[in-house]
Amino acid sequence: MAIDNLDFEEVFVLNHGILNPGRLKLSAKDILFKASKTGKVDKIMAGQLMNASWFRAARGYELRLALASGVIYKFEGFKEADYDKLADLFSGNYNIQLEEKELSVKGFNWGNHSFEGSSLSLNSDSSMTYEIPLNEVCRSTVGKNEVTLEFHQHDDAQVSLMEMRFHLPATNNEDEDYVQTFNEKVLAKATIIQATGDAIAEFTEVSCLTPRGRYNIKLFPTFIQLHGKTYDYKIALTSILRMFLLPHPDERHFFFVFTLDPPLKQGQTRYPFFIIQFIKEEEISFDLNLSQEELNQKYANKVNKTMEGPIYEIFSRLLKALTDRKITLPGAFIGSTKSSSVSCSHKNSSGFLYPLSRGFIYVHKPPVHIRPDEIVCVNFARVSGGGTIKTFDFEVITKNSVIYTFSNIDKSDYTPLYDYTKKNNLPIKNKGLKRQSHKDELLDSEDEDDQDHYLARVKAEGEEKTTMAEEGEESDSTDDEDEDFNPDESSDNSIAEEYDTDAINSSDSDYEENQGKRKKAIPVPREFRAGKKAKKKNEVKPAKKVKNARDPNLPKRPLSGYMLWLQKQRDRIKNENPSFTVAEVAKKAGEIWKSLKEEEKKKWNNESAKLKEQYNKDMAEYNEQNQTKATTSKSKKATPKKSSKSPMKYKSAEYVDTDTSSESSSEEESEQESKIKSAEFVDTSEDTSDSSDE
């Protein structure tokens, strides 16, 4: 009976000249490999396999799999006894014979080259000398009877193959350019990013946090091009592992994050994360540079010909369609500030920690993504520090003995974070809890379910905007007042001054325990303390700053055609489907709107256009009125008040005028007085003469 399943815990896959460890699982339907470092899962369906080979390699034995698409996988770390199990599984489930092959070890550097799939091999004496994966070639240069290949460098490789030169002897056939033919075959499989054709979409002046700057982003079918003032980048879509859409706690921005493998390079700097910050209210509208046939065939109607809406939503939808990957949103975690993140610090830089449905991600310096299969346990530190300590630390310990410490978390976030760890069965170190084994978790940590979190989030936000528009509420309140810091009214008003004799009483309790004994206070003169207290007593308290209230004359933004239609239809949809949630109602409304005829949609869009025209007129009048008021107020403030009185002669309190004053001092005073007159006053000749007589 044929073997149906095989599982190998420690297997290595060859990638860019380095062996990456991971776990390999073979079943009757597919083959799965999950990398230990990145958590990336490579899935090979049984119908994609073309042939399988077995070689003797440096780390035991190697399994070479060739797919119908030309991709070749090499797995190392097998034992000699594993051959019989693998051969039985391949023949019984895949109907493929596992061939045993030998490599040529004679040391010859000449022979016959052959192209198979995405690899180039050199054969001598009917045995393969070596094999080169062409997808690792970054550049190919043609010379006279010579072709030079350059390879991508892997950051983790201590020794890397950077360049190879092939000498191709001339042939008797003068019509055939053998060197050029060889080069074209290499370029057909090499990963050389070239900007050919027009971009599908373009976004200008996009704010990026990592790498920092503003870039013009162009989306092509196979890569992303970024053009900045100083640097330009090209990112292959195949290098994007995961994508995240994270709301900023200020509710005015969105973070769009995607992880890269291999990372983005700029000199010696590596960027494994790319972070973009979008303004939530900023909208965009454009037509994709694709025909309707291409939209139907390549992207299965995931995007429309005309894209319109918030810029963060449009960018996310396009990148999701191009990469065919899901977008991860924060989980059900809600902190003390009613946001889906926790404000904290990591490596002396402040940022935000987002507890996901599985795992954590920290934005933004340096960005950190912790997968659930990496976590050994978590730890809450500095929690029981008494009333003087208002923050605590949250630590995440991984399998590689790496400890990620997120410090300065407000104590009000302790309960939500603790409940989150219990709900997700994360072991807590200082509680002695143990975690269940994750031996069977071979799927990607972000693909735990089929629900599209991003789509549900967008529809829920659309429903929320509709409700707010109907009730006449504004999205953000401007009537709240900030509470100014007032040390006199603070609850801890017993804190001593810096120069008081009992200043040591204000030290922290932890500090006193570490010191073991209190230091004697340095005596301060009573005159100094009295002067300091008197000054504080006569001090006038500044008035509280009050935010300007929202101008009631400011015109409100008009609703789109869809939102106008939804206002009329939402109650009807709710009555027909009373069990629907907010997201389900929004989904149903989107389906109905999509099925409407263009004439019906045009009616609502025309009404929205009229409202927008009226809004533009109202805004123009509003701006013109504000500009007139501002000009009038400025002119009043700029008018100086002239004084008819002649300038008076002032002397400082320290200066005592006596009869024995020197002539030099009187000359300096007269010279200074004349300067004051010329700068501040416009007087007649009579006034000047009078003042001189005085």
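Please treat every number below as a calculation from the coordinates, not as lab data. Every value quoted in this text rests on a predicted model; they were computed, and no experiment measured them. Every residue, glycine among them, receives a Cβ derived from its backbone with ideal geometry; neighbour counts consider all protein chains shown.
Here are the numbers for the structure shown:
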item	result
Calculated FRET efficiency for the pair Lys298/Glu116, C-beta based, R₀ 25 Å, to 0.05	0.35
Cα shape, segment 6-100, gyration tensor, a/c 1.5 rule	rounded
Long pairs among Lys280/Lys411; Lys37/Lys320; Lys43/Lys320; Lys320/Lys399; Lys298/Lys602; Lys25/Lys101, criterion Cα-Cα beyond 21 Å	Lys280/Lys411; Lys37/Lys320; Lys320/Lys399; Lys298/Lys602; Lys25/Lys101
Segment Ser401-Lys338, extension gain: residue separation times 0.36 nm, minus the distance between their alpha carbons	19.4 nm
Average Cα contact separation per residue, segment 22-152, under 8 Å, 6 or more apart, as relative contact order %	15
FRET E, pair Glu251, Met162, Förster distance 51 Å, beta-carbon r, rounded to 0.05	0.55
FRET efficiency, 1/(1 + (r/R0)^6) with R0 51 Å, evaluated for Lys617 and Thr238 via beta carbons	0.55
For segment 112-189, Kirkwood radius (reciprocal of mean inverse C-alpha pair distance, Å)	13.6
Cα gyration tensor shape of segment 342-431, rounded if a/c is under 1.5, else prolate or oblate by comparing a/b with b/c	oblate
Gain on full stretching of the segment that runs from Arg214 to Lys629 - 0.36 nm per residue minus C-alpha separation	145.8 nm
Under 5 Å, built H, 5+ apart or other chain: amide partners of Glu116	Ser121
Cα centroid separation - segment 284-361 against segment 126-141, whole Å	37
Length added when fully stretched, Asn123-Asp551, from 0.36 nm per residue minus Cα-Cα	146.1 nm
Angstrom value of the Kirkwood radius, inverse mean 1/r, which spans all Cα pairs in segment 201-328	15.2
Label-to-label distance, nm, for residues given as Thr38 and Thr581 (7 Å Cα→Cβ offset)	3.3
C-alpha center-to-center spacing [segment 206-233, segment 563-629] in angstrom	34
Protection-proxy order for peptides 16-24, 4-12, each taking the mean of Cβ atoms within 10 Å per residue, highest first	16-24, 4-12
